[in-house]
Amino acid sequence: MSTQPAIGQSISRLEGFEKVTGSAKYAGEYNVPDLLYGYVVNSTITKGEILNFNADAALALPGVIKVFYYGNRPSLAWFNMQYADMDAPPGTPFRPLQDAEIKYNGQPIALVVAESFELAKYAATLVKVDYKEETFTTDLIANQASARSPKVGLATALKPPPPKPVGDFEAAYDTAFAKASGKFIHGTEHHNPLELFATTTIYEGKGKVTIYDKTQGTVNCQLYVGNVFGLHFKDVRVISPYVGGAFGSGLRPQYQLFLSVMAALELKRAVRVTLDRTQMFSFGHRPPTTQFTRFAAAADGSLRAINHTAIAETSRFEDYTEVVVNWAHMLYPAKNTLMEYKLVPLDVFSPLDMRAPGGSTGLHAVESTMDALSYQLGIDPLEFRLINYAEKDESTGRPYSSKELRKCYEEGAARFGWSERLPQPRSMKRGNKLVGYGMATGIWEAMQLPARAKALINAEGKLEVSSAVTDIGTGTLTVMTQIAADTLGLAMDDVTFSYGDSKMAFAPIQGGSFTVATVGSAIKAAGLALAKKLFRKAKQMQNSPLGKAKFEDVEFRDGLIALKAQPKAVIALKDIVSANKGRAIQSTNFNLPKVMKLKNYSRAAHSAAFVEVEVDEELGVINVTRAVTAVAAGKIINPKTARSQILGGMVWSISKALREETITDHNFGKYMNQNLGEYHIPVHADIHELDVIFVEEKDDIVNELGSKGIGEIGLAAMPAAIANAIFHATGKRINRFPIHLDDLM
Amino acid sequence: MMDQQLISTSFTINRKEYKVSVAPWSSLLDVMRETLDLTGTKKGCDHGQCGACTVLINGKRVLSCLTLAVMKEGAEITTIEGIAEDGKLHPLQQAFIDHDAFQCGYCTPGQICSAIGMLQEGKAQSRAEVKELMSGNLCRCGANTNIIDAIMEIKEGAAHA
Ligand code: FES
Ligand code: FES
């Protein structure tokens with residue numbers, strides 16, 4: 001009996017044992033001999049200059065080795081470009097300890113290195129800094145008038161600008177039958193993975209370093225370190241075996257990496273730098289964004305005009321952008337559209353992609369405006385979406401490689417019981433609580449980047465596959481092992497997948513929901529190339545039963561190559577390796593997206609979210625009592641871990657709509673709630689019934705696996721669905737996130 | 001200077017005796033992670049706000065980041081590394097794997113230790129009460145429902161036993 005395909009099976013995470021027993025080691029947990037500890041000092045002003053820097057008191061403590069600051073740092077690469085990483089937006093990357101200039105509040109200005117963690121931490125409090133302060137601006141809302149178009153650069157390739165206007169929006173809007181408009185305000189958010197950022201750098205001598213780093217891109221960090229410190233790439237090894245969450249925060253090399261490597265090279269010793277929770281608010285965030293929408297429809301419910309404008313914050317030194325306003329026309333047809341996206345540079349650190357960047361922001365505005373318009377028209381919100389269902393991507397005119405959004409609506413609505421909904425706001429009650437039903441649509445682009453993978457058959461006939469990719473908790477290890485197993489028809493137990501090490505086959509940063517498509521497809525390509533190689537070698541073996549067979553005539557199963565027509569004519573993979581004098585047989589392959597084919601299609605995952613809220617009118621307390629998210633994302637490689645990805649996105653949706661927000665005091669240009677006590681995320685008691693549906697979706701175009709990413713799609717639709725449910729419950733349309741109980745009082 | 005302030009303290013962790021010389025202000029969490037190489041217990045905040053550092057001390061769940069090591073003279077401490085016995089997983093650990101009750105795994109040691117302590121306290125009767133009493137343990141990955149499912153499986157299993 002041959003092995004069942006592993007793809008499509010619900011398989012428990014392969015690293016489960018390590019994670020439940022505490023043996024999984026994260027970047028800051030490598031207690032290597034002779035380790036030194038670095039603690040970062042951050043600026044307490046927002047803009048200006050360091051006038052005096054005095055570390056005498058810190059250095060006087062026995063055990064304090066050195067205090068690095070701009071005045072004594074080693075000389076480094078001086079081209080700005082050398083600080084650019086794979087995810088750098090257009091502009092000038094931030095260079096830690098570059099000079100006396102302060103660009104933002106919380107900027108790292110010194111690293112105290114000591115023999116123990118506690119000592120470094122204590123000594124950091126003794127560093128005295130005098131500043132010359134300058135006036136600064138951090139308030140987006142107060143500075144929207146100065147918004148300008150973003151600069152374009154290389155990294156913009158994955159983030160297309162707004163589509164060109166179509167038709168005559170103003171005329172169409174003015175004369176339309178029904179209209180809805182909104183102003184949507186989103187504040188700053190911080191990723192706050194539970195693991196603190198940390199880097200342990202081991203100095204190996206002769207300009208060589210081994211680095212354990214919390215990152216979403218081992219190769220990205222390797223290149224950055226090589227460029228900045230003038231080291232040969234081959235002398236820089238970045239390892240990231242377990243990552244305690246990242247959500248985008250690890251897409252760019254963070255300053256603890258720079259500081260740890262700098263200190264290790266200078267002191268020629270191992271140095272670990274771990275940030276504290278406050279410092280987790282000092283290197284990138286989801287930018288505050290203000291959006292304006294105006295949608296109009298004819299009496300039959302067909303959309304006529306869409307206008308979506310976004311104004312977002314960026315730093316003074318980089319033009320970070322998101323795709324905020326491109327979604328409405330991908331989802332809905334309209335003959336008149338006007339989309340704009342602008343930036344306001346402020347005295348803050350550059351924003352950074354955070355789970356469903358742009359999409360979770362923009363779709364809130366789109367889907368809540370759609371909801372408002374459905375009430376204007378007196379059409380059920382779900383029916384209204386169906387009336388405006390786009391069979392193709394209206395913004396480009398291209399067909400979708402696949403789009404089973406209709407099934408998401410149908411199956412999601414059925415599971416949720418949408419038909420029970422009474423149309424009027426405030427019409428549903430449970431005891432003394434108002435009940436509201438809301439729904440929304442989600443979309444996220446299905447991307448694929450180039451990557452390499454290595455596949456090898458060892459002397460036992462087992463398959464070893466490797467890639468430099470990380471596993472940030474998304475299930476990459478398990479899913480890649482499944483994909484690899486199927487390439488040679490092996491059982492999961494006969495396959496190992498190694499990852500998280502820059503010396504392995506190249507992988508780009510892990511984000512944007514493109515890892516399965518990117519690395520999975522590379523593994524599939526490497527597996528196929530290896531299969532062909534094994535087949536050629538098998539045919540050359542003495543008395544080979546494969547004779548004159550062609551590759552199409554054989555199948556790989558149970559560690560064997562077998563003739564399809566003669567199932568008994570087999571050669572074991574391990575025998576092929578033996579015949580190869582025991583030397584492993586391997587193939588490393590570079591896999592590119594099939595650009596020529598893909599360019600004729602739009603490619604996206606879709607979702608529909610249905611939410612029930614209960615609102616206590618006297619207290620304003622909002623509870624998401626149950627929610628269903630139905631997802632169309634092509635082939636689901638592992639339904640168990642995929643479901644968890646969507647559940648995570650749903651919890652993030654509740655967080656975004658009702659909980660999390662970094663609050664800035666613009667008088668000081670400083671974040672005020674830089675800790676997990678005051679930066680609220682949902683706790684167990686806030687989370688109730690969550691249900692996930694994956695609808696059947698076949699896609700032969702999107703990539704070799706027919707699989708779209710699912711890291712973001714769970715957060716695309718549901719925040720708007722929550723806001724819409726709150727409107728249905730209370731009759732109040734609150735467009736500012738997070739929605740607080742005082743908004744409803 | 002720092003050396004003179006070290007205090008000798010002994011306790012057992014996971015049935016093994018440790019004698020350490022620590023500064024009076026060192027947290028149990030830092031001593032375990034930095035000195036004893038017991039890195040299974042996690043630090044997510046160092047302020048008692050996330051629960052990642054939860055351990056069992058004399059059977060009760062305690063935040064080790066808010067506990068000074070010198071206060072625990074003679075205490076019996078159990079960390080995540082001591083929950084499985086002889087390589088055999090505790091039923092709750094297995095339930096976490098079965099229910100996919102983690103993603104990145106960073107909150108997991110704290111969730112498991114906290115849940116074991118919570119079940120021993122015996123106060124939670126319902127799922128709602130379990131959620132309430134587990135709410136000191138944050139999970140940023142959003143594995144909440146799976147975590148509670150795993151705990152409920154063990155709780156109900158124990159109730160039937
Ligand atoms: S590290 Fe102790 S509660 Fe967060
Ligand atoms: S599994 Fe990542 S924080 Fe809970």
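The values are calculated or read from the model by the stated rules, or taken from the named source; none is laboratory data. Everything numeric here is computed off the predicted structure, so don't read it as measured data. Don't worry about glycine lacking a Cβ; one is built from the backbone with ideal geometry, like all the others, and counts go over all protein chains shown. With ligands, DNA and RNA removed, areas are computed over all heavy atoms of the protein, side chains included. Shrake-Rupley method; radii C 1.70, N 1.55, O 1.52, S 1.80 Å.
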Next item on the list: Summarise the partner chain shielding of A:675-686 as one whole number: the mean count of Cβ atoms from other chains within 10 Å of each residue's Cβ.
Entry: 6
Check: Quick one: of the DSSP bridges fully inside the protein assembly as shown, what percent are antiparallel, nearest 5?
Finding: 75
Item checked: Cβ neighbours within 10 Å from other chains - mean over A:233-246 -> 2
Margin query: With every protein chain kept in place and ligands, DNA and RNA left out, what is the accessible area per residue of region B:7-82? Probe 1.4 Å, answer in Å².
Written below: 40
Check: By the gyration tensor of its Cα atoms, with a ≥ b ≥ c the square roots of the eigenvalues, what is the shape of region A:363-477: rounded for a/c under 1.5, prolate for a/b over b/c, or oblate?
Finding: prolate
Check: Which percent, nearest 5, of DSSP beta bridges in region B:7-82 are antiparallel?
Finding: 90
Note to self: Tell me which DSSP H helices of chain B clear both cut-offs, 20 Å or more of axial length from alpha-carbon atoms and a mean Kyte-Doolittle hydropathy of at least -1.0.
What the structure shows: B:144-160
Check: With contacts defined as alpha carbon pairs under 8 Å and 6 or more residues apart, what's the relative contact order of region B:91-156 in percent?
Finding: 54
Notebook entry, point to check: Between region A:552-600 and region A:428-452, how many Å separate their Cα centres?
Noted result: 42
Next item on the list: Just check the protein assembly as shown against the gyration tensor rule for me: Cα atoms, a ≥ b ≥ c as the square roots of the eigenvalues, rounded for a/c under 1.5, and otherwise prolate or oblate depending on whether a/b exceeds b/c.
Entry: rounded
Item checked: region B:7-82: relative contact order in percent, alpha carbon pairs under 8 Å with at least 6 residues between -> 41
Check: Which of the DSSP-defined H helices in chain A satisfy a minimum axial length of 15 Å, computed from C-alpha atoms, and a minimum mean Kyte-Doolittle hydropathy of 0.0?
Finding: A:218-229, A:255-267, A:359-377, A:476-487, A:521-540, A:639-658, A:718-730
Notebook entry, point to check: Which residues' amide hydrogens lie under 5 Å from the amide hydrogen of A:Leu346, considering only partners 5 or more residues apart or on another chain, with H built in the peptide plane?
Noted result: A:Thr314, A:Ser315, A:Arg316
Next item on the list: Report the FRET efficiency, 1/(1 + (r/R0)^6), for A:Ile185 and A:Glu133, where r is their Cβ-Cβ distance and R0 is 35 Å, rounded to 0.05.
Entry: 0.75
Checklist line | Rounded Å value of the spacing that divides the Cα centres of region A:3-30 and region B:70-112 | finding: 15
Note to self: What whole-number distance in Å separates the alpha-carbon centres of region A:484-545 and region A:236-301?
What the structure shows: 30
Margin query: Taking amide H atoms as placed 1.01 Å from N in the peptide plane, list the residues 5 or more away in sequence, or in a different chain, whose amide H sits under 5 Å from that of A:Ile693.
Written below: A:Thr629, A:Ala630, A:Val631
Check: Which whole-number value in Å³ per residue fits the convex hull of the alpha carbons of region A:449-592?
Finding: 98
Next item on the list: May I ask you to evaluate 6.51 cos²θ - 1.76 cosθ + 1.60, the Karplus curve with θ = phi - 60°, for each residue of region B:23-37 and list the ³J(HN,Hα) values in order in whole Hz, giving x for glycine and proline?
Entry: 5, x, 9, 6, 6, 4, 4, 5, 4, 5, 6, 8, 9, 9, 6
Margin query: Can you tell me how region A:260-302 classifies by the Cα gyration tensor, rounded, prolate or oblate, using a/c under 1.5 as the rounded cut?
Written below: prolate
Checklist line | Sequence-separation-based contact order of chain B, relative, with Cα cut under 8 Å and 6+ spacing, percent | finding: 23
Check: Across peptide B:20-31, what mean number of C-beta atoms from other chains lies inside 10 Å of a residue's C-beta?
Finding: 1
Item checked: Calculated [θ] (222 nm, deg cm²/dmol) that DSSP helices of n ≥ 4 give over the protein assembly as shown, each run adding -39,500 (n - 2.57) -> -7000 deg cm²/dmol
